[in-house]
1. Examine the range 81-92 for a residue that is in a strand (DSSP E or B), modelled with pLDDT of 90 or more and under 14 Å from the mean Cα position of the chain (by Cα), and state whether such a residue exists.
2. Just checking, does the range 182-195 include any residue being at positive phi and either at pLDDT below 85 or not assigned by TED's automatic domain parsing to the domain that holds L163 (or both)?
3. Can you say whether N120 is at pLDDT below 90 and either surrounded by fewer than 19 Cβ atoms within 10 Å (Cβ to Cβ) or outside any strand (DSSP E or B) (or both), as far as the supplied structure shows?
4. Sort out which residues of the range 51-64 are in contact (Cβ under 8 Å) with a residue 12 or more places away in the chain and surrounded by 13 or more Cβ atoms within 10 Å (Cβ to Cβ), and write them in order of number.
5. Conditions first: (1) within 19 Å of the chain's Cα centre (by Cα); (2) aliphatic (A, V, I, L, M); (3) surrounded by fewer than 17 Cβ atoms within 10 Å (Cβ to Cβ). V196 passes all but one, so which condition is the exception?
6. Just to be sure, is S96 at pLDDT 90 or above and in contact with a Gly (Cβ under 8 Å, 6 or more places away or on another chain)?
Amino acid sequence: MLSLYAISDAKWIKIKDLLPGREGTVGTTAKNNRLFIDAILYRYRTGMPWRALPKEFGDFRVVHLRFSRWSKKGIWKQIFSQLIDDADYEYEMIDSTVVRAHQHSAGALKTLQENGLPNNQAIGRSVGGLSTKIHAMVDALGNPTRFCLTPGQAHDLQGADVLLPEMVGDTLLADKAYDADDRVRNPLIKKGKTLVIPPKKTVKNPPPTIKNSTKPVI
């Protein structure tokens, strides 16, 4: 069962030389980087609490502490960047999802990130309580290529403002929430992008769903 959630050999080869604690680097040599990666994948893919982590991965407190250290050092971001090098940019898709935040998370620091968004762990308060919204771009295979976090009550366009300027693919697929001329359509059309975004019902003169395209979009 544990092997079902383990990192593949191909992906391990791509990231193993990025990880701290590997042989030949300064500092303490990690006991088993691959087992640690598998522990993190298992925990997040099953959604279990840290305390329930199988003993095969070691003491859950040690695993959690190491996970936190890697997060602060930006190791996970480096791994993510390495794994998206071979993304399929035939087209890209953007969307968001809201996740509930635990009530104990309300005391996060209220500072700003480099992109100007609040660095309060992206926790907001709405009718449903504390929540975070994950905005993500994915490639043609559905693999994530970029993402950002905002408070849960933020509009989808707030994530689009951060993610779309770095769009690589020639075609964007999105839902009606991204039907905005000034923030989505016009900037991308100027760059020669093709848009597949259904217009909102309230738009009196909706633009064509597909623009600047010389080939059929399936």
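The values are calculated or read from the model by the stated rules, or taken from the named source; none is laboratory data. These numbers were taken from a predicted model, which means no experiment stands behind them. Cβ placement follows ideal geometry from the backbone for every residue including glycine, while neighbour counts extend to all protein chains displayed.
1. So far as the range 81-92 goes, yes, one or more of its residues are in a strand (DSSP E or B), modelled with pLDDT of 90 or more and under 14 Å from the mean Cα position of the chain (by Cα).
2. No, because not a single residue in the range 182-195 is at positive phi and either at pLDDT below 85 or not assigned by TED's automatic domain parsing to the domain that holds L163 (or both).
3. Yes.
4. L53, P54, F57, G58, V63, H64
5. Tallying (1) within 19 Å of the chain's Cα centre (by Cα); (2) aliphatic (A, V, I, L, M); (3) surrounded by fewer than 17 Cβ atoms within 10 Å (Cβ to Cβ), V196 fails exactly one: (1).
6. Judged against the criteria, S96 is a match.
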